[in-house]
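Bear in mind these aren't lab numbers, they're just calculated from the coordinates by the rules spelled out. From a predicted model like this one, the values you see are computed outputs, not experimental measurements. Because the Cβ atoms are built from the backbone with ideal geometry, glycine has one as well, and the counts that use them run over all protein chains shown.
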Amino acid sequence: MRVALHTRVREGRIEAYEAAHREVPAELTAAIRAAGATAWTIWRSGTELFHVIECADYARLLAELAGLPVNLAWQTRMAGLLEVVHDYSDAGADDGLPVVWEL
């Protein structure tokens, strides 16, 4: 399945956000893959971030990552950089952005 998300970087934190993503912990990327993601791409327009995740089951992905120490540490780091964060609190409730059109 493909899921699109929207988050937002805090004003003045773009460089720190991009720097953090140049050094995503290998343990975190391995956990994301193990939870079923095959790809995760993030685009930025100003402070707006748009994510597209390719995964077998998005609810499972979130559920498996939610309590992992490496993900909790990453989410704490991102919370200081993001105004709108990726929400792991209810893994089954968020289906991402609704599809409006596809070619």
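Of all chymotrypsin sites (Phe, Trp or Tyr not before Pro) in the stretch 37-103, which ones are in loop regions per DSSP and have a Cβ with at most 11 other Cβ atoms within 10 Å? Answer in residue order: W101.
For the stretch 18-101, applying the loop criterion from DSSP together with a ceiling of 15 other beta carbons within 10 Å to the trypsin sites (Lys or Arg not before Pro) yields R22.
Over the chain, the hull volume per residue, using the convex hull of the C-alpha atoms, is 105 Å³.
Among T7, T41, a tally of other beta-carbon atoms within 10 Å of each Cβ gives an order, fewest to most, of T41, T7. Charging the Cβ of each Asp and Glu at -1 and of each Lys and Arg at +1, and nothing else, the dipole of the chain about its Cα centre rounds to 220 debye.
Among the GluC sites (Glu not before Pro) in the stretch 7-99, those placed in a DSSP loop whose Cβ has at most 15 other Cβ atoms within 10 Å are E11, E23.
Note on A39 and L72: the extension gain reaches 9.9 nm, defined as 0.36 nm multiplied by sequence separation minus the Cα-Cα distance. Positive end of the dipole of the chain (Cβ unit charges, origin at the Cα centre): among A37, H86, P25, the Cα lying farthest that way belongs to P25.
Placing dummy labels 7 Å off each Cα toward the beta-carbon, the span from H51 to R8 is 1.7 nm.
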